[in-house]
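The values are calculated or read from the model by the stated rules, or taken from the named source; none is laboratory data. As the structure is a computational prediction, the values presented were derived from the model and not from experiment. Positions of Cβ are generated from backbone atoms using ideal geometry, with glycine treated the same way; all protein chains shown enter the neighbour counts.
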Amino acid sequence: MPTLNVSLPDLMKTWVEQQTTTGRISNASVYVRDLIRRDQAQSAKIAQLQHLVTEGISSGPGTRTMQQIEQVALAKLAR
């Protein structure tokens, strides 16, 4: 596996080291990989939301009343 050296300020380095001593994370590499995976997942969610917003804007003005929208939302929550 290729390596990547990263410089961290002392406070961040200490934080990472503390995470490995709690037993939650086995080493700094695992911790950083986990953070990157979480960031990738978050970025994918944001991209999907942006796509849905753009799609909604592109579809033009809505025709439902606020009451109809609330009824649909409440019906979905009841499931």
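Among all residues of the stretch 31-54, there is at least one that is within 21 Å of the chain's Cα centre (by Cα) and in contact (Cβ under 8 Å) with a residue 12 or more places away in the chain.
Checked against the criterion of being on the phi > 0 side of the Ramachandran plot and either modelled with pLDDT under 95 or in contact with a Pro (Cβ under 9 Å, 6 or more places away or on another chain) (or both), the stretch 60-68 has at least one qualifying residue.
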